[in-house]
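Report on the following structure.
The values are calculated or read from the model by the stated rules, or taken from the named source; none is laboratory data. None of these values were measured; they are calculated from a predicted model. No Cβ is skipped: glycine too gets one built from the backbone with ideal geometry, and neighbour counts run over all protein chains shown. Side chains included, ligands, DNA and RNA excluded: accessible areas come from the protein's heavy atoms. Shrake-Rupley method; radii C 1.70, N 1.55, O 1.52, S 1.80 Å.
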Amino acid sequence: MRKIRKYWCTVCDYIYDPEEGDFDSIISPGISFEELPDDWVCPICGASKEDFEEVE
């Protein structure tokens, strides 16, 4: 079984959960962090993908 990886915004503590997606950016549930567009930003603080770290 494939592990679902969540990502933590190091700026504001938002967690991107692929099972939930990002309603504000019209990202459907099931989209992995790697599949997010390069210009996607944190819906809370606007941080870029580079400011996220994988969490267990």
- Task: Filter region 43-56 down to residues that are part of a loop (DSSP other than H, G, I, E, B) and among the hydrophobic types (A, V, I, L, M, F, W, C) and give me whichever is surrounded by the most Cβ atoms within 10 Å (Cβ to Cβ).
- Result: 47
- Considering region 1-42 alone, what residues qualify as being polar (S, T, N, Q) and not in a loop (DSSP other than H, G, I, E, B)? 25
- Sort out which residues of region 6-42 are open to solvent by 90 Å² or more (accessible area, probe 1.4 Å) and in contact (Cβ under 8 Å) with a residue 24 or more places away in the chain, and write them in order of number. 11
- Note on the structure: residue 42 vs (1) modelled with pLDDT of 95 or more; (2) out of contact with any Cys (no Cβ under 7 Å at 6 or more places or on another chain); (3) of a type outside the set (Phe, Trp, Tyr): all pass except (2)
